[in-house]
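Enquirer: Structure below; questions to follow.
The values are calculated or read from the model by the stated rules, or taken from the named source; none is laboratory data. Bear in mind that the values here come from a model prediction, so they are computed numbers and not experimental data. Please note: Cβ atoms are built from the backbone with ideal geometry, for glycine as well, and neighbour counts cover all protein chains shown. Accessible surface areas use protein heavy atoms only, side chains included; no ligands, DNA or RNA. Shrake-Rupley method; radii C 1.70, N 1.55, O 1.52, S 1.80 Å.
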Amino acid sequence: MRPPIRTAALLTGAALVLSGCGSQFGSSEKTAQDDSARQKLAMMIAASTDAEADSLKKAVARWEKKTGHQVRVQVAQDLNQQLGQALAGGEPPDVFYVTSDQFANYADGGSLYAYGDQVEADGFVEGLRASFSHEDELVCVPKDSSTLALAINNDLWKKAGLTDDDVPTDWQELEDVAGKLTKGDVTGLVFDPTYNRVGAFMRQSGGWITDDGQQKMAADTPENLRALTYVKDMLRSGSLKYSKQVDSGWGGEAFGKERAAMTIEGNWLTGALRNDYPDLDYRTVELPGGPEGQGTLSFSTCWGVAEKSAHHEAAVDLVEALTAPDQQMTFAEAFGVMPSRTEALGEYGTAFPESGAFVAGTGYAEGPVTLPGFAKVLQQFDTDLAGLRTGDPEKILAELQRNGEQALADR
């Protein structure tokens, strides 16, 4: 399972990152670069499964054999905290995972070496390129790609008397089938109470948190109000519940235990269900469109290279090897992640037709908000969304707008 979530640990890590980056920001001192034939690099990652860590280590080993360099791979228990401490100490790893919620803090603080002009940037999914750009410059390339889709329990679908013709394609149809599927201990639709799920409805309504360039807040709008009101109405009807309301840690668990007939989740769901609920009969379809058409969200981390690294050239070469189309397909087969390169993504869709809804979503997905100082803003938004059933959508959006404007002003 790899659902994007926000925790106190992430916020703690953010504070460390900011302090670490602050010590580097504005420094004119450049790290001398190592041009020797055999260099020793350090890498820090956060693996969601053993399969991810093992597959990555094998790929690194192949690069070591090809280049003669050596890489020490560290699997962090708390990536943001450990990486923040390394940055603050002035001795960061050369290559590391960069989460979308911390990217802007790293980039704004001068901790990242911007290497986007040294790689074939156009080969990556456009929305994710934008997410990992800072001041119109691609800083680090996305290592993989994830989008949201609607998962449907086929057995519960049939028991409710629904057919293929009933697969929802708009909000009204989603509301109708969720009501028909809600019976006894089964809730029609269950997902997590975060902007990483509710935000899809905002996009389908024509709204979002910021403008396209992430320069201004765009939260307090009629489009977003329409989206939150729709979600609230479904929560009040009982055909939609949050995962905790059905004693589940996340939407995938509720779906796997058949407490939910449908859920909205990312493509990490397929691996989790295969491991934990292998006998579950289900399918995934694209999210129903809203008043302004289709909308979904995309998620990723990127491959960061430290500005203070003495191995820029070798580090970029390693990143290129790890994001090559054939290597991304190897990762996809090993632990289910979707490629971030468009070429490999097409191949992935052919190899894994059951994931077609996730692949299709990459064409219109909204990338994550990557602004410095926004972790607390989004955490508060998630807190407000958790109480949406009895809350006031207008007040929630006004607070988001106000908090976001303050964070932008403090930059």
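Enquirer: Report, ordered by chain and residue number, the lysines lying within cross-link reach of Lys57, taken as a straight Cα distance under 18 Å and ignoring same-chain residues fewer than 8 apart.
Expert: Answer for Lys57, where 18 Å is the Cα cut-off: Lys40, Lys65, Lys66, Lys143, listed by chain and number.
Enquirer: At a threshold of 8 angstrom on Cα-Cα distance, excluding pairs fewer than six apart, so keeping six or more, what relative contact order does the chain reach in percent?
Expert: Working: 788 pairs, mean separation 105.6, N = 411.
The normalised contact order for the chain reaches 26 percent.
Enquirer: Taking all protein chains as present, what is the carbon and sulfur share of the accessible area of segment 131-252, in % to the nearest whole number, probe 1.4 Å?
Expert: 42 percent
Enquirer: Which residue fluctuates most in the GNM of the chain (Cα springs below 10 Å): Ala130, Ala261, Ala121?
Expert: Ala121
Enquirer: Pick from Thr99, Thr221, Thr390: which is most flexible by mean-square fluctuation in a GNM of the chain where alpha carbon atoms under 10 Å apart are linked?
Expert: Comparing Thr99, Thr221, Thr390 in the GNM, the peak value goes to Thr390.
Enquirer: Segment 95-149 to segment 337-411: how many Å between their Cα centroids?
Expert: Between the Cα centres of segment 95-149 and segment 337-411 lies a distance of 15 Å.
Enquirer: Can you give me the angle between helix 312-322 and the longest principal axis of the chain, using Cα atoms only, in degrees from 0 to 90, rounded to the nearest 10?
Expert: Helix 312-322 sits roughly 40 degrees off the main axis of the chain.
Enquirer: Report the local net charge at Leu83: Lys and Arg +1, Asp and Glu -1, summed over other residues whose C-beta lies under 14 Å from its C-beta.
Expert: Result for the local shell: -4.
Enquirer: Pairs of alpha-carbon atoms within less than 8 angstrom and 6+ residues apart define the contacts here; what relative contact order does segment 184-342 have, in percent? Before the final figure, lay out the partial values.
Expert: On the way: 182 pairs, mean separation 42.2, N = 159.
After rounding, I find 27 percent.
Enquirer: Mind checking which lysines have their Cα closer than 30 Å to the Cα of Lys159? Skip sequence neighbours fewer than 8 apart in that chain.
Expert: Lys180, Lys183, Lys232, Lys241, Lys244, Lys257
Enquirer: If you don't mind, there's one more thing I want to ask. Using alpha carbons only, how many degrees (0 to 90, rounded to 10) separate the axis of helix 325-335 from the longest principal axis of the chain?
Expert: Helix 325-335 sits at roughly 60 degrees to that axis.
Enquirer: Semi-axes of the equivalent ellipsoid of segment 224-303: what are they in whole Å, largest first, if each equals the square root of 5 times a C-alpha gyration tensor eigenvalue? Spell out each step's value before the answer.
Expert: Values: eigenvalues 107, 68, 30 Å².
Three semi-axes, in Å: 23, 18, 12.
Enquirer: Right, something else. For the Cα atoms of the chain, what angle does the longest principal axis make with the long axis of helix 79-88, in degrees from 0 to 90, nearest 10?
Expert: It works out to around 30 degrees.
Enquirer: I would also like to ask the following. With a 1.4 Å probe and all protein chains kept in place, how much accessible area does Glu333 have, in Å² rounded to the nearest 10?
Expert: About 120 Å², rounded to the nearest 10.
Enquirer: Send over the Kirkwood Rh of the chain, from the inverse of the averaged 1/r over different Cα pairs, rounded to one decimal Å.
Expert: 21.9 Å
Enquirer: Right, something else. Can you run phi through the Karplus equation (6.51, -1.76, 1.60; θ = phi - 60°) for segment 198-203 and list ³J(HN,Hα) in whole Hz, with x for Gly and Pro?
Expert: In residue order, the calculated couplings are 4, x, 4, 5, 4, 5 Hz.
Enquirer: OK, next. Compute the relative contact order of segment 28-73 as a whole-number percentage, counting only Cα pairs closer than 8 Å that sit 6 or more residues apart in sequence.
Expert: Working: 31 pairs, mean separation 25.8, N = 46.
After rounding, I find 56 percent.
Enquirer: Excluding ligands, DNA and RNA, what is the solvent-accessible area per residue of the chain at a probe of 1.4 Å, expressed in Å²? Intermediate results must be reported in sequence, preceding the final value.
Expert: Numbers: 17480 Å² over 411 residues.
In whole numbers, the chain has 43 Å² accessible per residue.
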